[in-house]
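Engineer: So that we are looking at the same thing, I have put the structure below in structure tokens.
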Amino acid sequence: MNKHLLRSQLRKARRALTSSQQQQAAVAIYSQILHQHTFRSAKNIAVYIANDGEISPHLIARTARKLGKQVYLPVVQRDRLRFRIAPAGAKMWRNRFQIPEPLPKYADVPGDCLDLVLMPLVGFDKWGNRLGMGGGFYDRTFACNHLRPKLVGLAHHLQEVDSLLVDNWDIPLDAVATDRQWLSV
Ligand SMILES: Nc1nc2c(c(=O)[nH]1)N(C=O)[C@@H](CNc1ccc(C(=O)N[C@@H](CCC(=O)O)C(=O)O)cc1)CN2
Ligand SMILES: Nc1ncnc2c1ncn2[C@@H]1O[C@H](COP(=O)(O)OP(=O)(O)OP(=O)(O)O)[C@@H](O)[C@H]1O
């Protein structure tokens with residue numbers, strides 16, 4: 001199946017989850033991540049604001065701050081992402097995709113300054129290939145091999161597919177955390 005069709009089907013399935021399913025999934029994924037060495041050892045962690053039925057990392061972000069970690073959110077700059085410090089209750093505006101971003105008064109850094117990036121995804125397979133929203137933002141941001149942080153996709157289990165078609169610009173994930181399992185690649 002081509003990326004376009006698969007993307008629209010998986011997005012539809014994700015959006016069809018009820019709010020109680022979403023809440024349970026957010027708790028489940030939080031419990032998964034909390035025990036992982038990649039999370040415990042990370043000092044600078046990027047999360048995202050859930051959109052379009054994505055699994056929400058808000059519980060992870062809250063605990064990360066309590067543990068003294070610095071939490072960042074992606075900001076869209078031209079064709080790639082930078083990561084802006086997002087303290088609890090940070091003031092936000094919406095970007096061109098209507099996703100909230102912290103205001104520019106908070107400092108931002110390039111992706112290679114982070115230890116761990118929790119990434120939204122539309123689909124994934126057991127080899128850590130990732131299907132995103134189609135903008136190529138994460139792929140461009142982490143195209144450079146050296147100094148790449150740990151990239152961990154967060155997903156509802158229904159976002160797993162047998163195998164994704166891989167393009168040469170696709171950057172594979174180091175792991176995928178779902179509401180049911182932790183998959184190290
Ligand atoms: N929560 C979240 N934040 C994120 C991403 C993401 O996938 N999820 N991104 C990951 O890259 C970046 C933004 N990329 C995005 C790319 C396309 C669409 C999107 O909804 N496209 C709509 C059309 C929206 C419009 O143009 O107004 C669509 O395809 O229906 C959203 C975000 C940065 N922040
Ligand atoms: N490193 C790169 N250099 C130039 N163009 C790129 C690069 N990575 C991705 N692209 C472009 O981005 C477009 C979208 O790629 P793709 O469909 O794989 O996005 P995605 O991974 O689903 O989205 P996202 O990373 O935003 O979640 C492609 O048309 C591709 O040409």
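The values are calculated or read from the model by the stated rules, or taken from the named source; none is laboratory data. In this text the structure is predicted, and so the values were computed from the model without any measurement. As a convention, Cβ positions derive from the backbone with ideal geometry for all residues, glycine included, and neighbour counts pool all protein chains shown. All accessible areas refer to the heavy atoms of the entire protein, side chains included, with ligands and DNA or RNA removed. Shrake-Rupley method; radii C 1.70, N 1.55, O 1.52, S 1.80 Å.
Engineer: Every residue in segment 115-129 that is part of a loop (DSSP other than H, G, I, E, B), open to solvent by less than 10 Å² (accessible area, probe 1.4 Å) and more than 9 Å from ligand 2 (Cβ to nearest atom), please. Outline the logic, then answer.
Structural biologist: Within segment 115-129, the subset part of a loop (DSSP other than H, G, I, E, B) is 115, 121-122, 125-129.
Remaining after also requiring open to solvent by less than 10 Å² (accessible area, probe 1.4 Å): 121-122, 125, 128.
Answer for segment 115-129, where residues must be part of a loop (DSSP other than H, G, I, E, B), open to solvent by less than 10 Å² (accessible area, probe 1.4 Å) and more than 9 Å from ligand 2 (Cβ to nearest atom): ASP125, GLY128.
Engineer: With a cut-off of at least 1 residues that are surrounded by 20 or more Cβ atoms within 10 Å (Cβ to Cβ), name the strands (runs of 3 or more DSSP E) lying wholly within segment 70-109.
Structural biologist: Values: elements: 70-77, 80-85, 92-94, 100-102.
Correct list: 70-77, 80-85, 100-102.
Engineer: While we're looking at this one, here's another question. Quick one: in segment 130-158, of everything that is near ligand 1 (Cβ under 10 Å from one of its atoms), open to solvent by less than 70 Å² (accessible area, probe 1.4 Å) and in a loop (DSSP other than H, G, I, E, B), which residue is nearest to CYS113 (Cα to Cα)?
Structural biologist: Filtering segment 130-158 for residues that are near ligand 1 (Cβ under 10 Å from one of its atoms), open to solvent by less than 70 Å² (accessible area, probe 1.4 Å) and in a loop (DSSP other than H, G, I, E, B), the one nearest to CYS113 (Cα to Cα) comes out as GLY136.
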